[in-house]
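The values are calculated or read from the model by the stated rules, or taken from the named source; none is laboratory data. Because the structure is a prediction, the values reported are computed rather than measured. Ideal geometry is used to build each Cβ from the backbone, glycine not excepted, and the neighbour counts take in all protein chains shown. Heavy atoms of the whole protein, side chains included, go into the accessibility calculation; ligands, DNA and RNA do not. Shrake-Rupley method; radii C 1.70, N 1.55, O 1.52, S 1.80 Å.
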Amino acid sequence: MGSAASSNPPPASGGAAGPGLTVPPGFGVPPVSPVIPSAGVASNQTETETPLPNPGAFEELHRKCKEVFPTQMEGVWFVVNKVLSNHFQVNHTVMLSTVADSSYRFGATYVGSKPSLRVGSRVLEPGPAESFPVIVGDMDNSGSLNSQIIHQVSDRIRSKLAFQTQQQKFVNWQGDAEYKGEDFTAAVTLGNPDVLVGSGIVVAHYLQSLTPALAVGGELVYHHRPGEQGTVMSLAGRYTGTNYVATLTLGGAGARASYYHKANDQLQVGVELEASTRMQETSVAFGYQLDLPKANLLFKGSVDSNWVVGATLEKKLLPLPLSLVLCTFLNHRKKKFQCGFGATLC
């Protein structure tokens with residue numbers, strides 16, 4: 001369910017912002033070393049234990065594997081990104097499609113100064129995506145708005161407010177609060193609360209590091225509306241190796257397993273299995289990413305058990321500030337072919 005500013009206009013999405021809109025590509029603590037006692041220290045003195053790392057957010061457990069899969073797009077799009085200052089940037093997107101309505105979107109991103117984040121006894125230096133506050137929004141030609149506000153309230157607490165409108169009506173909004181400890185992360189999300197009707201969704205996440213490589217946690221989802229309420233619980237575990245990440249989520253709604261492997265600096269692969277108890281369906285997908293930096297070329301491909309084959313090719317035309325993206329997907333069972341082409345000017 002949330003993420004910070006990037007060069008892409010984020011959908012009100014990613015899980016965290018409710019059902020978001022798909023946008024074209026190009027628009028997206030290591031453990032402390034133990035203290036070695038000097039020769040003068042007595043032999044019976046215990047060494048300082050290595051603290052466990054923070055496991056990150058629960059919603060990002062399968063992120064490494066998912067990133068190697070191509071994003072499905074159709075039609076033609078043109079994106080212009082403009083950086084106005086170190087804190088502010090805007091973007092314009094024109095999309096032409098035969099399946100959906102053609103549209104124009106205007107987006108803006110504000111990023112605050114870089115704070116010094118302290119987690120217990122450790123000080124973390126934030127990267128570009130760890131600067132706060134972050135305000136992201138985009139609006140289309142019909143007046144529909146997607147927006148997110150992310151802020152680091154304290155050294156340990158991060159909050160996010162996201163909402164989505166469809167023309168003049170609010171359709172989704174939610175608030176998140178995340179507490180990041182030295183070796184665990186806890187978060188709670190409140191989605192679409194309506195006190196008058198008595199409806200809403202509450203999601204609680206907890207992820208704990210057991211060893212530097214192993215993290216386990218759980219998710220609890222509670223929904224309520226007039227005449228209906230229910231609870232779904234899931235357990236998850238992630239093991240991180242030298243060049244691979246294996247993750248498993250198992251709960252009442254189904255199961256999801258993923259495996260990510262970095263073969264070398266150019267090739268990354270991922271395998272994902274999803275089983276749904278409600279749909280009574282199981283699918284397996286294989287994806288890979290090939291990065292050729294000398295050719296300024298990025299290729300992603302995938303194939304799944306439903307006989308859907310997809311690929312995206314991104315080419316940076318250096319020294320020009322221009323990137324071209326070609327996307328194709330073929331569903332053999334439904335005999336459906338989708339193709340997209342886009343250009344991004346930075």
Requested in this report: Return the carbon/sulfur percentage of the accessible area of region 197-281, one whole number, probe 1.4 Å, all protein chains in place.
Outcome: 61 percent
Report task. Two decimals is fine: what is log10 I(q)/I(0) at q = 0.19, 0.25, 0.26, 0.29 Å⁻¹ for region 186-230, from a Debye sum with one equal scatterer on every Cα and no solvent? Result -> -0.63, -0.84, -0.88, -0.98
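Normalised by the residues of region 276-346, what does the relative contact order come to in percent, with Cα pairs under 8 Å and at least six apart? Show your work: numbers first, answer last.
Details: 131 pairs, mean separation 14.9, N = 71.
Rounded, it is 21 percent for region 276-346.
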Requested in this report: Send over the semi-axes of region 244-292's equivalent ellipsoid, whole angstrom and largest first, taken as the square roots of 5 times the C-alpha gyration tensor eigenvalues.
Outcome: 27, 11, 5
Requested in this report: Would you mind getting me the FRET efficiency between V284 and Q166? Use the beta-carbon distance for r and R0 = 30 Å, nearest 0.05.
Outcome: 0.30
Query raised in the report: How many nm is it between the label spots at T50 and A275, if each spot is 7 Å from the Cα in line with the beta carbon?
Result: 3.5 nm
Requested in this report: Figure the gain on full extension for K66 and Q338 (residue separation times 0.36 nm, minus the Cα-Cα span) and round it to one decimal in nm.
Outcome: 95.9 nm
Report summary line: Karplus-derived 3J(HN,Hα) from phi for region 170-177 (6.51 cos²θ - 1.76 cosθ + 1.60, θ = phi - 60°), whole Hz, x at Gly and Pro, runs 6, 10, 8, 7, 7, x, 10, 9
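Taking a cut-off of 17 Å, what percent of all Cα-Cα pairs in region 135-258 are separated by more than that?
Within region 135-258, distances greater than 17 Å cover 69 percent of Cα pairs.
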Report summary line: Lys and Arg at +1, Asp and Glu at -1: neighbours of M95 with Cβ under 11 Å from its Cβ sum to -2
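Remind me, relative contact order of region 179-274 in percent, using alpha carbon pairs under 8 angstrom and six or more residues apart?
On the way: 204 pairs, mean separation 14.9, N = 96.
So the answer I get is 15 percent.
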Query raised in the report: So how much slack lies between S159 and N86, counting 0.36 nm per residue of separation and subtracting their Cα-Cα distance, in nm?
Result: 24.0 nm
Query raised in the report: Of Y259, F286, L330, which is farthest on the positive side of the dipole of region 257-346, counting Cα position, with +1 on Lys and Arg Cβ, -1 on Asp and Glu Cβ, and the Cα centre as origin?
Result: L330
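Using only the Cα atoms of region 228-346, construct the convex hull and provide its projected area averaged over every direction, in square nanometres to one decimal.
Mean projected area of the Cα convex hull: 10.8 nm².
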